[in-house]
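What follows is a set of notes on a single structure, which appears directly below.
The values are calculated or read from the model by the stated rules, or taken from the named source; none is laboratory data. Note that the structure is a prediction, hence the values are computed from the model and not measured. Please note: Cβ atoms are built from the backbone with ideal geometry, for glycine as well, and neighbour counts cover all protein chains shown. Note: accessible area is taken over every heavy atom of the protein model, side chains too, but ligands, DNA and RNA are not part of it. Shrake-Rupley method; radii C 1.70, N 1.55, O 1.52, S 1.80 Å.
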Amino acid sequence: PLGLLGVDAVGVFQTLVLAFKLGQQLALLLWAAHAAGADASSPHAVVHALATLLASFCADPGRLAVAAVLMGAGQTLNAGIYAAIGRDGVYYGFKLGAPVPWCSGFPFNLGFRHPQYVGGTLSQYAVFLALSSPATCRAGLLPLLAWWSVNYAAMSWVEASFGDNDGSEEQEAPPSRRKAA
């Protein structure tokens, strides 16, 4: 059944990740609409609440500018990742049997180890900024943002600690598991 999601392991994982991310964003939008007073079971009410939040956001040039910078920087990093290591690198192909070259150019040359997570975090901050209102802040938008940030940081730590295609896993593996030079 997983073959329906992609032609190879990386394709299947990519489809699953994209579906999960879409679900995350839809859940966030439904939460924001509910926090703004909409009945989440009414599509019309949800759209109206989100349109009201968006109108408020667009009417504030400062918030709009900050969100544009965050989203622009985040998506520049994400596009840079795709250009540098491709689909196989982005979707853990090195863990799924696909060769992924080590890259030290942009965006890996910016001084942080996981530019994809930084890009995702910056982009998500822009979305949170767009959804911020007195009602969503009272409902817990800032703790939710903090939780989202902790999760990105935790995944970055997991990758760095348990092998992220930097060769360290080969050095730590028993001789029978090391790749031939």
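Taken over segment 6-28, residues that are open to solvent by 20 Å² or more (accessible area, probe 1.4 Å), in a helix (DSSP H, G or I) and in contact (Cβ under 8 Å) with a residue 40 or more places away in the chain amount to 5.
If you go through segment 1-22 and pick out every residue that is within 15 Å of V127 (Cβ to Cβ) and modelled with pLDDT under 95, you end up with 1.
Restricting segment 76-133 to residues that are in a helix (DSSP H, G or I) and among the polar types (S, T, N, Q), the residue that is modelled with the lowest pLDDT is Q116.
Among the criteria (1) open to solvent by 40 Å² or more (accessible area, probe 1.4 Å); (2) under 15 Å from S123 (Cβ atoms), the one G74 does not fulfil is (1). From the list V118, V127, which residue is among the β-branched types (V, I, T), surrounded by 14 or more Cβ atoms within 10 Å (Cβ to Cβ), over 25 Å from D8 (Cα atoms) and in contact with a Ser or Thr (Cβ under 9 Å, 6 or more places away or on another chain)? Just one listed residue meets the conditions, V118.
Can you work out which of the residues in segment 30-65 that are among the polar types (S, T, N, Q) and outside any helix (DSSP H, G or I) is surrounded by the fewest Cβ atoms within 10 Å (Cβ to Cβ)? This residue is S41.
Of G97, G105, G93, all but one fail to be touching a residue at least 60 places away in the same chain (Cβ under 8 Å), surrounded by fewer than 16 Cβ atoms within 10 Å (Cβ to Cβ) and not hydrophobic (A, V, I, L, M, F, W, C); the exception is G97. Scanning segment 140-166 for residues that are at pLDDT 55 or above, outside any helix (DSSP H, G or I) and surrounded by fewer than 16 Cβ atoms within 10 Å (Cβ to Cβ) returns G140, F162.
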